[in-house]
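The values are calculated or read from the model by the stated rules, or taken from the named source; none is laboratory data. Here the structure is a predicted model, which means the values were calculated and not measured. With ideal geometry, Cβ positions are generated from the backbone for all residues, glycine too; neighbour counts draw on all protein chains shown. Side chains included, ligands, DNA and RNA excluded: accessible areas come from the protein's heavy atoms. Shrake-Rupley method; radii C 1.70, N 1.55, O 1.52, S 1.80 Å.
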Amino acid sequence: MWFWEYSLSPTRRGALIRVGNGFADVHPWPALGDVPLERQLTMLARGETTALTRRSLELARIDSDARARSVSLFAGLTIPLSHWPGADPPPQFDTVKLKSIDRIPDRVRLRIDFNGRLRPEEFLMIAEGLPRERVDFVEDPCPYDGATWSALREQTGLPLALDRFTAEEGVDVLIVKPAIQDIPETMKPIVITSYMDHPLGQFGAAYFAALHPAPRCGLFTHVLYEKNEFSERIVSDGARLLAPEGTGIGFDDLLEHLPWKRLA
């Protein structure tokens, strides 16, 4: 097994891994409870996995299988449309994901993510001022509690979305991040999003989104970072990412020329 560390910004670091002929991303978010990168790699070298690296190894296996057959992972698949991450959507996007309600754009559908920061009573006050007719859902308005969320949903009339976990009570939509979790078996709508990670991880999420299409996913996260040689290869058609050229998950030449270091 081999690895290559990268930085997407001064504070966002990760590593690509190579397992045989398969590639995947390891991009932890310690602020959300992930083990830091150095420990992720140390554990992986010992054969120990976390939720993140377990999924990374699975994607590397899927990628390797496709490369062995000299086919793209996206052959016969269509990547779903995505929402835009922020309040300044290009005209091709009809839905946005907001982390703040300081600026709410006109015309578009809204997905508002409070990251569980609010108290229930604070959310009730904020909900009164939202343009409800344009709200797709509110993600993690406060820490999840089934009874509390059911009451909030009843009082506000707003659909609620739960990120990273699976639950039934008080939940309308599940936000699923393939980088850290399996695709749940559920009758609820799911919205697959990237882990705001490297383009390799971003297209790993896009692969699973293509297998489990929803009206709008959250895959355009490369626009949140400065460009790099991988993101410069990303091509889109309006709000839809297009599959990278190459076999497996793509980026063949870039991956082959990275200065890989042996991990285990």
On average, how much accessible surface per residue is there in the range 175-238, in Å², for a 1.4 Å probe, leaving out ligands, DNA and RNA?
-> 42 Å²
FRET efficiency (His212, Arg69; Cβ distance; R0 22 Å; to 0.05) is 0.50
Using θ = phi - 60° and the Karplus relation 6.51 cos²θ - 1.76 cosθ + 1.60, list the HN-Hα couplings for the range 163-178 in order, rounded to whole Hz, with x at every Gly or Pro.
-> 9, 6, 10, 10, 7, 10, 5, x, 10, 9, 9, 10, 8, 10, 10, x
Between Asp102 and Asp182, take the C-beta separation as r, use R0 = 35 Å, and let me know the FRET efficiency to the nearest 0.05.
-> 0.50
Given 0.36 nm per residue, what is the gain on full extension from Thr11 to Arg132 after removing their alpha carbon distance, in nm?
-> 40.1 nm
In debye, nearest 20, what is the charge dipole magnitude of the chain about its Cα centre with +1 on Lys and Arg Cβ and -1 on Asp and Glu Cβ, if you could check?
-> 440 debye
Computed over the range 79-177: relative contact order in percent, which uses C-alpha pairs under 8 Å that are six or more apart = 19 percent
In the chain, what is the count of Lys pairs whose alpha carbons are under 20 Å apart, counting only pairs at least 8 residues apart or on separate chains?
-> 4
Once the piece of chain linking Ala45 and Ala147 is laid out straight, how much longer is it, given 0.36 nm per residue of separation minus the C-alpha distance between them?
-> 32.5 nm
Any idea what angle helix 199-211 forms with the longest principal axis of the chain, computed on alpha-carbon atoms, 0 to 90 degrees, nearest 10?
-> 70 degrees
Rounded to a whole number, what % of the accessible area of the range 55-164 do carbon and sulfur atoms account for, probe 1.4 Å?
-> 50 percent
Could you work out how far apart the two model spin labels at Asn228 and Glu256 are, taking each label as a point 7 Å from the Cα in the direction of the beta carbon, and quote it in nm?
-> 2.1 nm
